[in-house]
Amino acid sequence: LLAMLDYDLPVVLVDMPAASITALAKFDAEVGFFDELQRSGYRPTMVNVLSPFQSSTRTVQQMVDLAGKSADYVAVVNRWFGDDEDFYMWFGDGNGNPPSRGRAMLPDYGGEEIDLPKLQAGVMVAIDDRMMRFADAAADGSPLSRAQRSRLIRWMKDTDAQLDKVADKIGLGAGK
């Protein structure tokens, strides 16, 4: 992770596996990762794509606890898993479940929340079966049906609109 700083790139994207926050905390304790990012002129953005499960919603708090005000935060509610009522561990509900601590902390740390829209399962299966990129699957001449392409194009537009809300934080705006 530290070697990437030697290239002085405007944006560096690191995709880490689920539950890697513990390893990142250990790495930071060993080498001062977040301090090194700051010294190198980078401001990290930690993105957590949420499922409705407790382990997923708990990670947002762990990210904020780890990096504090030295990072930006984006929580992405993956609508593949359902609506607000399915994410009651994140949003809270009227049955005595408060919003998760991570969600409550986000505004105090400048964090933002967006949705990853749901794409119809059959469209995802068709893309996965052919191991296609989304752009190729949406293109004219794609082996997907017109209805599948239409759903995919709508999903891509809706996803782009969500990403536009956090563009500067995720490297789609200005660099570093």
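Nothing in this text is a laboratory measurement; each read-out follows from the coordinates by a stated rule. What you see is a predicted model, and the numbers here were worked out from it, not measured in a lab. Virtual Cβ from ideal backbone geometry, glycine too; neighbours counted across all protein chains shown.
Separation of the range 102-149 from the range 15-43 is 28 Å, based on Cα centroids. Put simply, the amide H of V49, placed in the peptide plane, has neighbours under 5 Å in V76, leaving out anything fewer than 5 places away on its chain.
Over all other residues within a Cβ to Cβ distance under 12 Å of L172, the charged ones net out to -1, with Lys and Arg as +1 and Asp and Glu as -1.
GNM on the chain, alpha-carbon springs under 10 angstrom: the most fluctuating residue among P107, P17, P98 is P17. Counting only DSSP H runs of at least 4 residues, each contributing -39500 (n - 2.57), and dividing by the residue count of the chain, the helix-based mean residue ellipticity at 222 nm comes to -12000 deg cm²/dmol. Relative contact order, whole percent, for the range 119-165 stands at 37, derived from Cα pairs under 8 Å and 6 or more residues apart. Annotation: the residues R103, R133, R151, sorted from fewest to most other C-beta atoms within 10 Å of their own C-beta, follow the order R133, R151, R103. Arranged from fewest to most other beta-carbon atoms within 10 Å of their beta carbon, T159, T22, T57 become T22, T159, T57. Shape class for the chain, computed from the alpha carbon gyration tensor (a ≥ b ≥ c): oblate, with a/c not under 1.5 and a/b at or below b/c. Exposure proxy ranking for K169, K118, K26, based on other Cβ atoms within 10 angstrom of each Cβ and starting from the fewest, stands as K26, K118, K169. Springs join every pair of Cα atoms under 10 Å in this Gaussian network model of the chain, and among V12, V74, V47 the largest mean-square fluctuation is at V12. Applying 1/(1 + (r/R0)^6) with r as the Cβ-Cβ distance of Y7 and D168 and R0 = 22 angstrom yields a FRET efficiency of 0.55.
In the elastic network of the chain, a GNM with C-alpha springs shorter than 10 Å, the most mobile of M89, M156, M124 is M124. Seen through its C-alpha gyration tensor, with square-root eigenvalues sorted a ≥ b ≥ c, the range 119-165 comes out prolate because a/c lies at 1.5 or above while a/b is bigger than b/c. Taken over the chain, lysine pairs spaced eight or more positions apart, or on distinct chains, with alpha carbons under 22 Å apart number 9. Taken one residue at a time, the phi angles of the range 127-135 give Karplus couplings (6.51, -1.76, 1.60, θ = phi - 60°) of 5, 5, 4, 9, 6, 9, 7, 4, 4 Hz. Gly and Pro are set to x.
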